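The values are calculated or read from the model by the stated rules, or taken from the named source; none is laboratory data. In this text, all values refer to a predicted model and were calculated from it rather than measured experimentally. Every residue, glycine as well, gets a Cβ built from its backbone with ideal geometry; the counts of neighbours run over all protein chains shown. Accessible surface areas use protein heavy atoms only, side chains included; no ligands, DNA or RNA. Shrake-Rupley method; radii C 1.70, N 1.55, O 1.52, S 1.80 Å.
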Amino acid sequence: MIDSFITDQTAELRIDGKTYHLPIIVGAEGEKAIDIRGLRRQTGYITLDSGYMNTGSCASTITFLDGEKGTLCYRGYAIEDLAENCTFVEVAYLLVHGSLPTRQELAEFSEMLGRYALLHEDMIRFFDSYPPNAPPMAILSSMVNSLCSFYPEMTENPYENIDKMAARLLSKVRTIAAFSYKKSLGQPLVYPRHDLSYCANFLNMMFDSPVRPYKIRDEVVAALNKLLILHADHEQNCSTSTVRLVGSARVNLYASISAGISALWGPLHGGANQAVMEMLENIHHYENGDCRKYVERAKDPDDPFRLVGFGHRVYKTFDPRMRIIKKACDEVLETLNISDPLLDIAKQLEEIALNDEYFVERHLYPNVDFYSGIIYRAIGIPNNMFTVMFALGRLPGWIAHWKEMWDDPDWKIGRPRQVYIGPPRRPFVPIDQR
Ligand code: CMC
């Protein structure tokens, strides 16, 4: 399919007195690429690109983002429209299937999500084996990998069963997340209910208790839908690329997504939302709400500290998701009648950074993780579950990318090359002569 985007233009490359013509590709939204797929075969050279700053690993139809303009679309729809008008389930359907669902399709998909919500009872016993303070992301990653032992039929003919697998994962990851929280509190599990919507069901499993029934509020359900939609995909980020790379070895969807969850855990990626709240709490408790020390530390080249929730590999302006979340943050806190000093600190920090030469020069703006934790906290989700929430949101994106990769006629096992800079070949030294 990518071949239809190859233009008549070429880039010239001169090596060792020879000129090579490399095809130029222009994507659907005008992004330009030099096609180097035949480079090594033709020239004997590879390219070196640490962190894949300039490398397109695939062609994709799922998400488009423009880091210079600060725009983001899933399957051609602006994130602002989706966040305003859709539920997370509709967006999940859009990402996995490529089009927004009709009422009938949405009803069928929602029915499947309800049907698959239970966890095999043997899996529930796994939770008892984790120590009380086990990181929820470790539990989530292991449990998702374990799913393929309980639902092996899904791994035999994965592409044909993708719809079932997608629904099963979306539904069960929600149950796993809520159960791991209940287990960490030592409270009885609250089982999923067929009569509740996706987000309402999750909130009920998290917060209902025999002694304190949970009252589901529409505003809280709406806020959760919005947050999950905003996290649902972000093209070739670290965890999605991990899912694709692992899946490229033709491993099953569960194992690929389990690897993606591990990648997301990192504080430079999805783990940042938890780290932001910890930073804001520290500023509140130990600095009396004064952000300046943290800003100075972030600017100090001898200090490894970074202002968490700032900066992005792709966005060199405001992250569009951040703008929506910031607005939602004000709305949710007002509706729930919560006054959170951390929101004031976050706004103050943003203001200082946006006017500081260091951040301006490097195009460092608040990212999606900067305000999301404040909403999660307002709706009762504890810090150590924030990255699990990110995983729940990112799941449809991971599934869509795995599916696209699996069906790609240009598919190859992911296997980068390297430039070797170790010792040259040398004689072997037997152990008693070393
Ligand atoms: N605070 C202070 N300085 C920063 C920050 C920050 N948050 N982010 C980047 N810089 C500086 C960095 O030190 C470097 O400065 P210099 O040119 O003087 O060496 C310059 O900006 C470029 O940084 P980089 O590390 O080359 O940029 P990158 O594209 O490799 O990294 C990033 C992107 C997101 C990992 C990075 O900005 C960062 O560590 N941010 C904090 C963690 C964070 O909020 N992560 C969530 C990202 S968004 C959601 C997600 O992906 O999951």
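A few remarks follow.
- Dipole of the chain, positive end: most advanced residue of GLN236, ILE374, CYS291 [Cβ charges, Cα centre]: GLN236
- Residues ILE15, ILE34, ILE62, ordered by accessible area of protein heavy atoms at a 1.4 angstrom probe radius and largest first, appear as ILE34, ILE15, ILE62.
- Heavy atoms of THR7 accessible to a 1.4 Å probe, total area in Å² rounded to 10: 50
- Pairwise centroid distance, computed over Cα atoms, of the range 282-342 with the range 73-101, Å: 27
- Using R0 = 51 Å, the C-beta based FRET efficiency linking ARG115 and SER50 works out to 0.65.
- Heavy atoms of CYS148 accessible to a 1.4 Å probe, total area in Å² rounded to 10: 30
- Residue-level accessible surface for HIS363, protein heavy atoms, 1.4 Å, Å²: 80
- Heavy-atom accessible area order for VAL388, VAL419, largest first, 1.4 Å probe: VAL419, VAL388
- Point-charge dipole on Cβ atoms (K/R +1, D/E -1) for the range 183-289, about Cα centre, debye to 20: 400
- Evaluated with a Cβ-only charge set (Lys, Arg +1; Asp, Glu -1), the chain carries a dipole of roughly 1300 debye about its Cα centre, given to the nearest 20.
- The residues of the chain have, on average, 52 Å² of accessible surface per residue, using a 1.4 Å probe with all protein chains present.
- Centroid-to-centroid, using Cα positions, the range 344-379 and the range 169-189 are 31 Å apart.
- nm² value of the averaged projected area, convex hull over the Cα atoms of the range 203-334: 11.9
- Averaging Cα coordinates gives a centre for the range 217-273 and one for the range 32-70; these two points are 22 Å apart.
- Expressed as a whole percent, the accessible surface of the chain that belongs to carbon and sulfur atoms is 51, based on a 1.4 Å probe.
- Helical contribution to [θ] at 222 nm, DSSP H n ≥ 4, -39,500 (n - 2.57), averaged over the chain, rounded to 500: -16000 deg cm²/dmol
- Taking the square roots of five times each eigenvalue of the Cα gyration tensor of the range 393-434, the equivalent ellipsoid has semi-axes of 45, 14, 10 Å, listed largest first.
- Protein-only accessible surface at a 1.4 angstrom probe places the residues ASP300, ASP16, ASP344 in the order ASP16, ASP344, ASP300, largest first.
- Compared with the direct C-alpha span, the chain from ASN384 to ALA107 gains 96.4 nm at full extension, assuming 0.36 nm per residue.
- Inter-site label distance for GLU29 and LYS316 at 7 Å from Cα along Cβ, in nm: 1.6
- Taken over the chain, the percentage of Cα pairs per 20 Å bin, counting from 0 up to the bin with the maximum distance, is 23, 53, 21, 2.
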